[in-house]
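The values are calculated or read from the model by the stated rules, or taken from the named source; none is laboratory data. Computed from a predicted model, the values in this text were never measured in an experiment. Positions of Cβ are backbone-derived with ideal geometry, glycine not excepted, and every protein chain shown enters the neighbour counts.
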Amino acid sequence: MDLDSSTLGVLRDPSLLGGDVVGRELDVDPTTGLSEEEAARRLAADGPNELRGKKPVPTWRKVLAQFQDPLIYLLLAAVTISLIAWVIDGAPGTPIDAFVIAAIIVLNAVLGYTQESRAEDAVAALGTMTAAASTVLRDGTLRTVPSAELVRGDVLVLDEGAAVGADARLLTANSLRIQEASLTGESEAVTKDPTTLSHPAPLGDRLNMVFKGTAVAQGTGRAIVTGVGMDSEVGAIADLLDATVEEPTPLQDEVASISRVLGAGVVVIAIVVMLTIILVDGVTEPSDLVIVLLLGVSLAVAAVPEGLPTILSVVLAIGVQRMAKRNAVVKKLSSVEALGSASVICTDKTGTLTRNEMTIQRIVTASGTAEVSGVGYRPEGEVRSDATPLHDTHLHEARLLLGAGSLANDAQLTERAGAWEIVGDPTEAAFLVAARKLEGTTEWMGRFQRRAEIPFTSERKMMSTLHQQASNGAHVLLSKGAPDVLLASCTRQQVGRDTEPLTDATRAARLAEIEILSTDAYRTLGVAYRAVTDESAQGSDGAVEMDQSWEEDLVYVGVVGIIDPARTEVAAAIGEAHRAGIRVIMITGDHPSTASRIAEDLGIIEAGDRAVTGVELDTLDDEELLVLTREVSVYARVAPQHKLRLVDSLQSDGQIVSMTGDGVNDAPALKSADIGVAMGITGTEVTKEAARMILADDNFATIVAAVRQGRVIFENIKKFLRYLLSSNVGEVLTVFLGVVLAGVIGLNEASDGATVVLPLLATQILWINLITDSTPALAMGIDPEIDDVMARTPRKVTDRAIDARMWRGIVTLGLVMAGATLFAIDLFLPGGLVEGHDTLDVARTAGFTTLVLAQLFNSLNARSETTTAFHGLFANKWLWGAIALGVVLQVAVVEVPFLQVAFGTASLDLAHWAACVALGSVVLWYDELRKMLLRLKDRP
């Protein structure tokens with residue numbers, strides 16, 4: 001039926017309605033869920049399951065914001081000054097200067113708007129990649145869908161670590177506990193019960209409801225979605241989220257500080273230059289004053305890298321998108337800084353260092369050991385003993401072991417488009433795969449119907465399910481869990497088709513078999529069972545109430561050895577991390593022997609190094625733990641609180657810590673770490689929410705690749721900072737020294753009686769700022785790796801992006817650019833140091849062109865502080881495209897007649913162009929010499 005307003009009225013408080021009533025009102029069968037078609041219809045009718053966010057900024061506001069900048073105000077002042085001068089002169093012709101500056105303002109706004117839009121699009125794309133997902137029942141099968149696509153009537157399937165995607169009325173709950181602190185402020189997880197409430201209750205006491213934005217701390221359950229989006233309880237407080245303001249990162253603060261300091265300094269210099277010209281040259285005419293004012297404004301605009309914040313955001317966004325394509329999804333741009341500084345990577349073993357394709361390779365029963373061939377979730381392989389088929393007794397034990405382990409199981413194994421996929425715990429899925437490899441096992445499993453369960457908990461380390469046999473109605477309890485724990489509850493063992501008492505000797509033999517498997521780096525799970533009388537299995541209304549008392553007097557069947565093969569690329573990645581000065585620490589809940597074996601194989605530790613357990617950690621105070629964490633790199637059998645304590649200890653020792661996790665209990669450690677890394681495949685939604693980075697492939701090698709990319713991004717930021725600042729310093733020094741040295745380079749002699757003669761015109765300075773600041777800087781922001789960023793130790797967060805050596809390089813490069821530019825003017829002017837024969841317009845155009853070309857050559861220099869520009873010279877096609885664009889535009893502004901009028905240029909012949917290229921390249925040759933000296937100095 002349609003969900004009209006009357007239906008919504010009935011469902012105003014679903015906690016007062018029975019689950020069956022809610023199902024009828026929302027027209028859904030709880031056993032099959034909605035159909036995909038009906039879910040799509042409801043989604044279209046109600047809209048996505050999202051909270052109302054900030055209203056999008058209209059395009060016209062974004063465009064207008066491009067003009068709300070002090071530098072734009074300076075340019076607008078320049079337009080006003082130019083128009084006033086034009087009017088004072090009697091408004092002859094067209095006010096070219098005013099039109100050119102206005103055009104530059106518009107072009108700058110277009111570039112700014114385009115760059116910001118690109119950054120927003122990149123961040124939005126990342127948002128879709130990190131969107132939460134929920135498991136629902138649709139068309140009778142489990143589906144994982146984006147939480148934004150949940151609709152009223154969906155049947156939510158909840159398990160430990162899941163984020164609750166919508167408000168929902170519970171149908172079933174097995175030891176289900178929900179962490180509701182984010183909604184109610186209740187610090188303890190709340191135990192849920194699907195029983196209908198008799199009267200209205202406060203939010204925190206609606207025990208038969210789960211709410212959007214909370215998290216499953218323990219257990220399993222199913223619930224019907226009753227409220228989505230703004231109709232959920234958390235939607236009622238959604239408006240408070242709009243007040244959140246993101247703080248700028250240290251790098252952004254440093255860039256802003258540089259812009260402010262440089263801008264203030266240049267404004268002072270511009271004022272000094274203007275006053276010097278006015279006083280020295282005796283400027284009194286309005287037209288001359290206008291020239292001086294335009295020069296001062298242009299000088300201030302040219303010297304301040306006003307595009308720095310925007311370019312920084314764009315470069316970070318593009319870099320983070322690149323990382324996302326390599327399966328490292330960084331949730332915030334600011335996290336890139338921490339990535340490049342990581343000095344310790346604390347990693348889980350399962351699924352991160354290994355493939356997370358748990359595979360049963362060995363089974364041990366009373367009749368001996370059998371090997372299971374095949375790797376991963378594709379059920380292809382055989383079960384053999386000493387390369388021969390199992391004899392009848394051994395076969396029965398193996399079938400019972402794999403079949404019972406598959407029945408006492410919450411995982412699912414399905415085939416889609418030729419690929420085998422699992423839903424649920426990978427260790428449980430390993431039983432389903434192995435059972436398919438042993439002939440007759442799946443047919444045997446088909447005889448039983450599941451009736452009840454005692455779910456797995458980390459405290460009990462086991463789970464049990466009750467099944468009824470279809471042929472005779474008999475009931476059997478099947479248990480699966482840690483073998484040593486399971487053995488403690490067993491009194492008999494399975495031998496062929498019979499059972500025998502478990503004596504002290506046989507119990508010791510079974511424990512020895514378990515220890516051998518653990519020593520061989522296998523994860524072990526035991527299986528046991530017992531027959532259940534019909535009386536105890538029959539509850540009221542067919543329901544069965546089970547508790548831990550049922551898990552006694554069991555029959556031990558055997559143990560399986562499960563291995564999660566190490567990823568082939570991880571050993572190399574760990575070696576790369578060590579080369580980069582990054583320490584790798586394994587923190588796992590596995591057996592110490594298993595952890596040590598894997599860590600040794602991957603190169604985390606040396607042979608003989610010990611693994612420390614959580615029990616040992618509990619005996620240490622903070623000082624002792626600090627000493628331990630400096631030496632030990634493998635921690636096994638640890639609890640979530642141990643992870644948090646280890647992170648805190650490493651941080652107190654001055655380390656920048658990256659921490660991986662997948663379970664809901666890992667969230668505190670991830671949040672505390674400098675770089676919390678969640679598993680994208682096996683990670684819970686709660687963990688992903690707490691993390692700063694998500695691994696789409698759950699692969700350790702991706703973490704190392706992300707650290708490398710983080711370092712590359714930071715290096716690229718330094719590249720465009722080096723380029724922009726040295727180029728802007730070059731412009732400032734050209735004008736300043738050109739005024740001071742006007743008599744030396746022949747500018748005064750070429751004045752033809754003019755009171756003010758400048759090395760560059762205001763419009764030319766603005767042109768240089770326009771064509772050389774944006775595109776080359778952006779191209780450098782996506783530069784491939786030039787220096788080996790993994791050959792150096794981690795950068796400290798307190799390290800400056802621009803250190804003293806870099807500042808010296810910036811200033812000296814600016815001086816070289818200014819010197820080359822002024823020499824070009826002197827070269828073609830009569831008089832000065834070198835006798836020339838050209839007009840002032842030609843000489844100034846040559847200087848103008850030399851400065852543009854010098855900055856384009858400088859873009860090649862800026863790619864590394866010490867590596868030659870000829871290393872990987874053509875690796876960045878975007879940079880060469882930016883250089884080519886700059887050259888084409890400069891040729892046009894020099895040779896195209898109407899642009900000559902606009903920018904005060906004159907045509908140059910081939911000799912002039914050759915001289916400009918040669919002088920512009922001086923900055924390249926100078927920097928090559930400087931880099932060679934630095935390499936010699938840095939050589940050990």
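Numbers at a glance
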| read-out | value |
| --- | --- |
| Residue selected from segment 652-673 under the condition within 21 Å of the chain's Cα centre (by Cα) and modelled with pLDDT of 85 or more, by the criterion farthest from Lys331 (Cα to Cα) | Gln655 |
| Flag if Leu107 is in contact with a helix residue (DSSP H, G or I) (Cβ under 9 Å, 6 or more places away or on another chain), at pLDDT below 80, under 30 Å from Glu37 (Cα atoms) and not in a loop (DSSP other than H, G, I, E, B) | no |
| Matching residues, segment 382-435, being over 34 Å from the mean Cα position of the chain (by Cα) and not in a helix (DSSP H, G or I) | Glu382, Val383, Arg384, Ser385, Asp386, Ala387, Thr388, Pro389, Leu390, His391, Ala408 |
| Top-ranked residue in segment 618-651 [being among the hydrophobic types (A, V, I, L, M, F, W, C) and closer than 24 Å to Glu459 by Cβ; ranked as modelled with the lowest pLDDT] | Ala639 |
| Residue in segment 843-889 that is surrounded by the fewest Cβ atoms within 10 Å (Cβ to Cβ), counting only those that are among the β-branched types (Val, Ile, Thr) and farther than 21 Å from Tyr926 by Cβ | Val888 |
| Lone unmet requirement of (1) assigned to a helix (DSSP H, G or I); (2) buried (at least 22 other Cβ atoms within 10 Å of the Cβ) for His578 | (2) |
| Breaking point among (1) in a helix (DSSP H, G or I); (2) crowded, with 17+ Cβ neighbours inside 10 Å; (3) hydrophobic (A, V, I, L, M, F, W, C), for Ala508 | (2) |
| Near pairs, Cβ below 8 angstrom, 6+ apart or cross-chain, from segment 593-622 (under 15 Å from Leu646 (Cβ atoms)) to any residue that is surrounded by 13 or more Cβ atoms within 10 Å (Cβ to Cβ) and of a type in the set (Phe, Trp, Tyr) | Ala595/Tyr635; Ala611/Tyr635; Val612/Tyr635; Thr613/Tyr635; Gly614/Tyr635; Leu617/Tyr635 |
| Test for Gly832: is it in the same structural domain as Ala911 (by TED's automatic domain parsing), modelled with pLDDT under 95 and buried (at least 22 other Cβ atoms within 10 Å of the Cβ) | yes |
| Qualifying residue in segment 294-307 (condition: assigned by TED's automatic domain parsing to the domain that holds Val732 and at pLDDT 75 or above) | no |
| Members of segment 334-381 found to be part of a loop (DSSP other than H, G, I, E, B), on the phi > 0 side of the Ramachandran plot and modelled with pLDDT of 90 or more, listed by number | Gly381 |
| Any pair with Cβ under 6 angstrom, 6 or more apart, that starts in segment 351-371 at a residue that is more than 17 Å from Trp420 (Cβ to Cβ) and ends at one that is polar (S, T, N, Q) and assigned to a strand (DSSP E or B) | Thr352/Thr660; Ala366/Gln493; Ala370/Ser385 |
| Filter result (of a type in the set (S, T, N, Q), at pLDDT below 80 and farther than 30 Å from His578 by Cβ) within segment 771-800 | Thr772, Ser774 |
| Residue count for segment 603-636, restricted to those that are out of contact with any Asp or Glu (no Cβ under 7 Å at 6 or more places or on another chain), of a type outside the set (Asp, Glu) and farther than 24 Å from Gly575 by Cα | 8 |
| Test: residue in segment 771-790 that is more than 26 Å from Met817 (Cα to Cα), of a type in the set (Val, Ile, Thr) and surrounded by 24 or more Cβ atoms within 10 Å (Cβ to Cβ) | no |
| Candidates Asp520, Asp564 - the one that is surrounded by 20 or more Cβ atoms within 10 Å (Cβ to Cβ) and within 42 Å of the chain's Cα centre (by Cα) | Asp564 |
| Selected residue [surrounded by fewer than 17 Cβ atoms within 10 Å (Cβ to Cβ), under 51 Å from the mean Cα position of the chain (by Cα) and not in a helix (DSSP H, G or I)] from Glu500, Glu552 | Glu552 |
| Strands (runs of 3 or more DSSP E) lying entirely in segment 623-732 (those with 3 or more residues that are touching a residue at least 24 places away in the same chain (Cβ under 8 Å) and more than 21 Å from Arg326 (Cβ to Cβ)) | 634-636 |
| Residue selected from segment 315-333 under the condition assigned to a helix (DSSP H, G or I) and of a type outside the set (Val, Ile, Thr), by the criterion surrounded by the fewest Cβ atoms within 10 Å (Cβ to Cβ) | Lys325 |
| Residue tally, condition of a type in the set (A, V, I, L, M) and within 18 Å of Glu421 (Cβ to Cβ), over segment 372-388 | 1 |
| Number of the condition not met by Asp386 [criteria: (1) crowded, with 16+ Cβ neighbours inside 10 Å; (2) within 23 Å of Arg510 (Cα to Cα)] | (1) |
| Some residue of segment 145-168 being part of a loop (DSSP other than H, G, I, E, B), modelled with pLDDT under 70, in the same structural domain as Glu36 (by TED's automatic domain parsing) and within 24 Å of Ala217 (Cα to Cα) | no |
| Qualifying positions in segment 859-909 - charged (D, E, K, R) and assigned to a helix (DSSP H, G or I) | Lys877, Glu895 |
